[in-house]
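My structure is below; once you've seen it, I'll send some questions.
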Amino acid sequence: MMLRVHSVPWASVSLWLCLVLDAARVALGDVTTTTTTTTAATSNMTDIQQVFAEHGVIPDVIDVAPKEFAKISYPSGATVDGGNELRPTQVKDQPKVEWTAEPDAFYTLFMVDPDAPNRQEPKFREIGHWLVGNIPGTKVEDGEHMYGFVGSGPPNGSGLHRYVFLVYKQPAGRIDFSQAPRVSNRSRNHRLNYKHREFVKQYGLGELVAGNFYQAQYDDYVPTLHAQLSSGTE
């Protein structure tokens with residue numbers, strides 16, 4: 001008895017193999033892309049954690065690093081870059097602060113100095129330099145300004161001070177901050193021994209989504225700022 005073998009056109013086999021290999025390459029590409037993205041995100045978080053820890057912002061101000069570096073730029077052209085040194089003259093005006101935000105979410109922004117009167121004996125930790133709540137997305141100008149912005153005023157001879165920006169998400173949306181103090185940019189009231197962690201807990205703020213910091217020491221602008229802060233009582 002003879003067996004009849006049916007021949008399969010090689011063109012069909014080749015086409016089938018190409019389709020299988022293409023599918024495999026696509027699948028492998030998806031896995032590689034996902035793995036690369038995850039690795040990059042993990043590496044970024046590690047870098048941020050390292051920078052904040054190296055400068056002692058962890059644990060002096062926060063316990064865990066933010067998800068990303070906030071982008072902070074001043075009218076003078078100065079930018080904040082993970083502990084770089086800037087002069088008080090460069091940072092005297094309110095900066096622009098940007099981060100990755102959800103368009104329908106609200107955020108709270110802090111700026112604090114944990115090194116008052118100096119880093120060795122910070123008995124006034126923290127100084128509240130700026131506080132804005134109920135920020136829609138990244139529109140800081142549309143937020144609720146509780147502490148008017150003041151720049152850096154480290155006393156002469158006190159060395160470098162760290163100035164830390166922190167952005168927290170408000171998980172429940174808009175918050176009633178009516179009982180929180182209002183402080184103008186001409187007043188020292190409520191600024192010394194500020195405890196931003198207590199504020200976070202009191203108002204149920206959520207994830208620390210962004211942050212950054214710079215360092216500054218005395219320059220000839222500081223007396224001007226101190227005079228400004230002595231001129232108001234609110």
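Go over the candidates Ala101, Ala65 one by one and state the one that is within 26 Å of Gly153 (Cα to Cα), hydrophobic (A, V, I, L, M, F, W, C), modelled with pLDDT of 95 or more and not in a strand (DSSP E or B). Full working, then the answer.
Values: Ala101 fails: within 26 Å of Gly153 (Cα to Cα).
The unique qualifying residue is Ala65.
So if I check each of Gln217, Gln179, Gln170, which one is out of contact with any helix residue (DSSP H, G or I) (no Cβ under 9 Å at 6 or more places or on another chain), free of Cβ contacts under 8 Å to residues at least 12 places away in the same chain and not acidic (Asp, Glu)?
On the way: Gln217 fails: free of Cβ contacts under 8 Å to residues at least 12 places away in the same chain; Gln170 fails: free of Cβ contacts under 8 Å to residues at least 12 places away in the same chain.
Exactly one of Gln217, Gln179, Gln170 is out of contact with any helix residue (DSSP H, G or I) (no Cβ under 9 Å at 6 or more places or on another chain), free of Cβ contacts under 8 Å to residues at least 12 places away in the same chain and not acidic (Asp, Glu), namely Gln179.
Which one is nearest to the chain's Cα centre (by Cα) among residues in segment 73-87 that are touching a residue at least 60 places away in the same chain (Cβ under 8 Å) and open to solvent by 60 Å² or more (accessible area, probe 1.4 Å)?
Asp81
The values are calculated or read from the model by the stated rules, or taken from the named source; none is laboratory data. Predicted model only: the values in this text are computed from it and were never measured. Please note: Cβ atoms are built from the backbone with ideal geometry, for glycine as well, and neighbour counts cover all protein chains shown. To get the accessible areas, we keep the full protein, side chains included, count just its heavy atoms, and leave off ligands, DNA and RNA. Shrake-Rupley method; radii C 1.70, N 1.55, O 1.52, S 1.80 Å.
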